[in-house]
Amino acid sequence: MHGIERRELPGFVGGTLDRADAVRNDPALLAERFASPRARRLVMEGLDATEQDGLLVTEMIPASGQVDDHVLLGIDEADRAIFARLVKDVPHGAAFSPRSWSLANQVPADQLALYGAARSLVDWHARHGFCAACGAETLPFKAGWARRCTRCESEHFPRVDPVVIMLAEHEGRVLLGRQPRFPPRRYSALAGFVEPGETIEEAVARELNEEAGVTATAVRYVVSQPWPFASSLMIACMADVTDDALTLDLTELEDAIWVDAAGVGAAIADDPDAPFMAPPRVAIAWHLLRHWLDARS
Ligand SMILES: [Zn+2]
């Protein structure tokens, strides 16, 4: 886990299901799993999961259920197939969902990871009913892990959008930025989407230069996190930079600050006298800050 202990994982990390590729690719095996009285599906309302007594709620699949309307999330430790139902009318998955966010403090890590995968997949299917190549209808296959066009047979796969999120480090301090939408006093790591034709390291260097005007000389990968709003993969990195002079892109950041280890330590301990309010623990930025502190001690 690259220096981050499993007992305090970022949110949506730590899934334990067997993703069961052999079942996905065998319609007979899939039908058998789906028809089994042991099969379960997540109870969801739109893109939100349902929680009771600290666990995700699942239900038996009704006799009227159609396998093509479900995605196979995987096989659990009790050898039960776990599905999510595909529905068309859902809110946009990138939108903030207080209910989904609060699940992070209610259910175990493996269940939150399971829900995150379901959320991203249900959202993707709801938005990919038509072929990007020819405009005809698409239908799910591979147990809901792909769609195929009914006219040109193009295959479409669930997208994952890579995002770099990074701490620039200079002489014992790290760089944190503040977006206008943040709550008061909140500062966090800078972040941005990886673009076509770019490595992770190049994306980190470009974003640091665009947003803060600093020049990265070395970039190190730390840890990653699926982020199901709608389907990002957060790739957390540390970057050495040449100096601490800042030129902010004010369309992205309203402020940025350099913070030393004492300040970061106070913030992640929720000290009200800390120089800033840390990002929430569900976010990988919190874990990146702790990783930086741990690596120094
Ligand atoms: Zn097509």
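The values are calculated or read from the model by the stated rules, or taken from the named source; none is laboratory data. Note that this is a predicted model, so its numbers are computed, not measured. Positions of Cβ are generated from backbone atoms using ideal geometry, with glycine treated the same way; all protein chains shown enter the neighbour counts.
Does VAL122 satisfy the criteria of being surrounded by fewer than 17 Cβ atoms within 10 Å (Cβ to Cβ), aliphatic (A, V, I, L, M) and more than 14 Å from the ligand (Cβ to nearest atom)?
No; evaluated as a whole, the condition is false for this residue.
If you go through the range 125-137 and keep only what is more than 24 Å from VAL23 (Cβ to Cβ) and either in a helix (DSSP H, G or I) or more than 15 Å from the ligand (Cβ to nearest atom) (or both), you end up with just ARG127. Looking only at the range 178-192, which residues are in contact (Cβ under 8 Å) with a residue 12 or more places away in the chain and surrounded by 14 or more Cβ atoms within 10 Å (Cβ to Cβ)? ARG178, GLN179, ARG186, TYR187, SER188, ALA189, LEU190, ALA191, GLY192, listed by residue number. Scanning the range 199-226 for residues that are under 21 Å from the mean Cα position of the chain (by Cα), without any contact (Cβ under 8 Å) to a residue 40 or more places away in the chain and part of a strand (DSSP E or B) returns a single hit, ARG220. Against the list (1) within 30 Å of VAL43 (Cα to Cα); (2) crowded, with 16+ Cβ neighbours inside 10 Å; (3) at pLDDT 95 or above, the condition PHE130 fails is (2). Restrict the check to the range 170-177 and report whether at least one residue is of a type outside the set (Phe, Trp, Tyr), under 30 Å from ASP48 (Cβ atoms) and buried (at least 17 other Cβ atoms within 10 Å of the Cβ). Yes - at least one qualifying residue is present in the range 170-177. Residues in the range 67-74: is at least one under 18 Å from PRO27 (Cα atoms) and assigned to a loop (DSSP other than H, G, I, E, B)? Within the range 67-74 (the criterion being under 18 Å from PRO27 (Cα atoms) and assigned to a loop (DSSP other than H, G, I, E, B)), the answer is no, since none of the residues qualifies.
Summed over the range 227-260, the residues that are small (Gly, Ala, Ser) and part of a strand (DSSP E or B) give a count of 4. From the list ALA113, ALA84, the lone residue that is surrounded by 20 or more Cβ atoms within 10 Å (Cβ to Cβ) and touching a strand residue (DSSP E or B) at 6+ places or on another chain (Cβ under 6 Å) is ALA84.
Could you grab me the full set of residues in the range 143-179 that are among the charged types (D, E, K, R), in contact with a Leu (Cβ under 9 Å, 6 or more places away or on another chain) and farther than 18 Å from ASP249 by Cα?
Correct list: ARG147, ARG148, ASP161, GLU169.
Among the residues of the range 156-173, those that are part of a strand (DSSP E or B), within 21 Å of SER232 (Cα to Cα) and not β-branched (Val, Ile, Thr) comprise HIS156, ASP161, PRO162, MET166, LEU167. Residues of the range 201-222 that are under 23 Å from LEU293 (Cα atoms) and surrounded by fewer than 20 Cβ atoms within 10 Å (Cβ to Cβ): GLU201, THR215, THR217, ALA218, ARG220, TYR221. Could you go through the range 227-236 and let me know if any residue there is in contact with a Cys (Cβ under 8 Å, 6 or more places away or on another chain), within 30 Å of GLY15 (Cβ to Cβ), surrounded by 21 or more Cβ atoms within 10 Å (Cβ to Cβ) and at pLDDT 95 or above. No: the range 227-236 contains no residue that is in contact with a Cys (Cβ under 8 Å, 6 or more places away or on another chain), within 30 Å of GLY15 (Cβ to Cβ), surrounded by 21 or more Cβ atoms within 10 Å (Cβ to Cβ) and at pLDDT 95 or above. Residue count for the range 261-297 satisfying the condition of being surrounded by fewer than 18 Cβ atoms within 10 Å (Cβ to Cβ), at pLDDT 95 or above and in a loop (DSSP other than H, G, I, E, B): 6.
Could you identify the single residue in PRO180, PRO140 that is more than 16 Å from the ligand (Cβ to nearest atom) and not hydrophobic (A, V, I, L, M, F, W, C)?
Sole residue among the options that is more than 16 Å from the ligand (Cβ to nearest atom) and not hydrophobic (A, V, I, L, M, F, W, C): PRO180.
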